[in-house]
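Colleague: Dropping a structure here in structure tokens format, bear with me for questions.
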Amino acid sequence: MKRRLILTLISSVLVVILGIVLIVLTFSKNDKTVDINSTLEEVRPTLVKITVGEYHGSGVVMFADKEKIRIITTAHLMQDETEGMITFADGKTGFGRVSKISTEKDLCFIEMDVSDFADDYASKITCAKFDTKVYDSLQEGDSVYLMGSGVLLSGNVFVGTVANTYFYVPEFDMHMLYLYADAMAGMSGCGCFNENGYLLGILIGAADSSEAVCVPLSDILAFYEG
């Protein structure tokens, strides 16, 4: 009888502890969700839709100064064209011209002239924030977010998980950021961000098996500076 009472008490204590743990985890998850939603709202203005002929893809505003706005996207989107229509997250449009392209890396920078905008819109352009140290701190299993213009203008979001931060992909003959993630048509060139809104790379391709590969931030910066 005494032993049964002790076991009952232990079971009751374990139930209480489990309940407390679940409550803590629930509140933590909800708080994190709120933070992520806030981050996504911060990131969205840096995303663009790029239309080239009958096709469209995504891009990320990386640099802007008094003369130029520079957007990173994929080379395969351009299909030998030299310009495309850029649509910002708020619906503002303009034409951008290819300033630098590499079919080997599947990267392309598109430039827009600040003088093409009749008002002071260009001065309000938001650039993505990035830091190579943030990328270097990535670990397998970390959550990331693919954001771009698949169907919704700068509004399609897929949650992914880091599988490898520098994985050799034979199809592209280069090392890439390899993710377990979904994506959709129109998101090539979209940004891959961490939960704090830092750009980690851009999406190059995705498979039906919920796998995706991105050109890492370091390669993008080396391409820009090279």
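Every number in this text was worked out from the coordinates using simple rules, so none of it is lab data. Keep in mind it's a predicted model, so treat the numbers as computed, not measured. We place every Cβ from the backbone using ideal geometry, glycine too, and count neighbours over all the protein chains shown.
Colleague: Quick one: check the C-alpha center-to-center distance for segment 69-134 versus segment 179-226, whole angstrom.
Modeller: 16 Å
Colleague: Provide the gained length on full extension for the span S102 to S123, in nm with one decimal, where the gain is 0.36 nm per separating residue minus the Cα-Cα distance.
Modeller: Working it through step by step, the gained length comes to 4.7 nm.
Colleague: Sorted by average packing, counted as other Cβ atoms within 10 angstrom per residue and highest first, what order do 170-179, 65-74 take?
Modeller: 65-74, 170-179
Colleague: Another question about this same structure. When a/c is below 1.5 the answer is rounded, else prolate if a/b is larger than b/c, else oblate, so apply that to segment 45-124 with a ≥ b ≥ c taken from the square roots of the Cα gyration tensor eigenvalues.
Modeller: Prolate, since a/c reaches 1.5 and a/b exceeds b/c.
Colleague: Something else about it: Along the Cα→Cβ direction, 7 angstrom out, place labels at Q79 and L152. What is the inter-label distance in nm?
Modeller: 2.7 nm
Colleague: How big is the Kirkwood radius of segment 44-185, worked out from every pair of different alpha carbons and given in Å to one decimal?
Modeller: Every distinct Cα pair counted, the radius reaches 16.1 Å.
Colleague: Let me ask something else about it. At a 10 Å Cβ-Cβ cut-off, how would you order C192, C127, fewest neighbours first?
Modeller: C127, C192
Colleague: Continuing with this model, one more query. Students often get this wrong, so check it: of K49/K92; K49/K105; K92/K129; K66/K105; K66/K124, which have C-alpha atoms separated by over 18 Å?
Modeller: Cα-Cα > 18 Å for K49/K105; K92/K129; K66/K105; rest within.
Colleague: Would any residue of segment 114-133 have its amide N under 12 Å from a label point 7 Å out along Cα→Cβ of N196? List them or say none.
Modeller: What the label zone holds, given the 12 Å backbone N cut-off, is 130-133.
Colleague: Here is a follow-up. What is segment 132-225 by shape, rounded, prolate or oblate, if you read a ≥ b ≥ c off the alpha carbon gyration tensor as root eigenvalues and call it rounded for a/c under 1.5, prolate for a/b larger than b/c, and oblate otherwise?
Modeller: Since a/c stays below 1.5, the shape of segment 132-225 is classed as rounded.
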